[in-house]
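Here is the structure we will look at.
The values are calculated or read from the model by the stated rules, or taken from the named source; none is laboratory data. As the structure is a prediction and not an experimental result, all values here were calculated from the model. Methodologically, a virtual Cβ is constructed for each residue, glycine included, from the backbone with ideal geometry; neighbour enumeration extends over all protein chains shown. Areas reflect the complete protein model, heavy atoms only, side chains present, ligands, DNA and RNA absent. Shrake-Rupley method; radii C 1.70, N 1.55, O 1.52, S 1.80 Å.
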Amino acid sequence: IIALSLNLRPAITSVGPLLSIIKNDLTMGNVSASLLTTFPVFFMGAASIFSIYLSRKLQVEGALMIALSFIFIALSSRLFVSTSFGLIVTTLLAGIGIGISGPLIIGLIKKYYPNESMLMSFYSCSMVAGAAIASTFAFPIYEKFDSSWHIALSCWGLLALLAAILLLPTLVTNK
């Protein structure tokens, strides 16, 4: 639950500390740059509708794996982005993955831990922790890796990979 929840904000909060650097490097205007934080929020809301459909088709665990795949692909792709359009597309994909994940994590808690109300607190705290960690460490990672905003934005895909690995046993047991 913690590993899953940590993925719900880094795609958004890691951008803020590096926004002026990214804008300069990609020669982005203010409108394009604003999409980097607006799109994920918009698509989080829009994509949450699909979480119900996916969970009915693939079970909660399978739908979460799809959502984590979106997040992983979106964030990992930022390593290779060279245009503002490409970065905006990765933002859109991450927003879709996050939007699908949020409601499904709650469903996962209810499915496996119906009497553990404290897990909702862990879910909420982990989501906020993921946001704080990404915004806190985005710039130090940028500096550590030779001023590469690509690495500073893409490294958060490792959280999605970790969550997917931890989720894998639930997929195997549900088949």
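Overview of values
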{"quantity": "Size-normalised alpha-carbon gyration radius of region 88-175, reference 2.2 N^0.38 Å", "calculated": "1.29"}
{"quantity": "Per residue accessible area of region 1-53, 1.4 Å probe, in Å²", "calculated": "47"}
{"quantity": "Whole-Hz ³J(HN,Hα) from phi, Karplus 6.51 cos²θ - 1.76 cosθ + 1.60, for region 81-93, glycine and proline x", "calculated": "5, 10, 9, 5, 4, x, 5, 5, 5, 5, 5, 4, 4"}
{"quantity": "At R0 = 22 Å, FRET efficiency that the Cβ-Cβ distance of Asp146 and Ile73 yields, to 0.05", "calculated": "0.35"}
{"quantity": "Scattering profile of the chain at q = 0.09, 0.16, 0.20 Å⁻¹ [log10 I(q)/I(0), Debye over alpha-carbon scatterers]", "calculated": "-0.30, -0.88, -1.28"}
{"quantity": "Hydrodynamic radius by Kirkwood, which averages 1/r over all alpha carbon pairs of region 85-139, in angstrom", "calculated": "13.0"}
{"quantity": "Range of Cα positions in region 1-82 per principal axis (Å), largest first", "calculated": "44, 22, 22"}
{"quantity": "Percent carbon-and-sulfur accessible area, the chain, ignoring ligands, DNA and RNA, probe 1.4 Å", "calculated": "70"}
{"quantity": "Heavy-atom SASA rank of Thr91, Thr83 (probe 1.4 Å, accessible area, largest first)", "calculated": "Thr83, Thr91"}
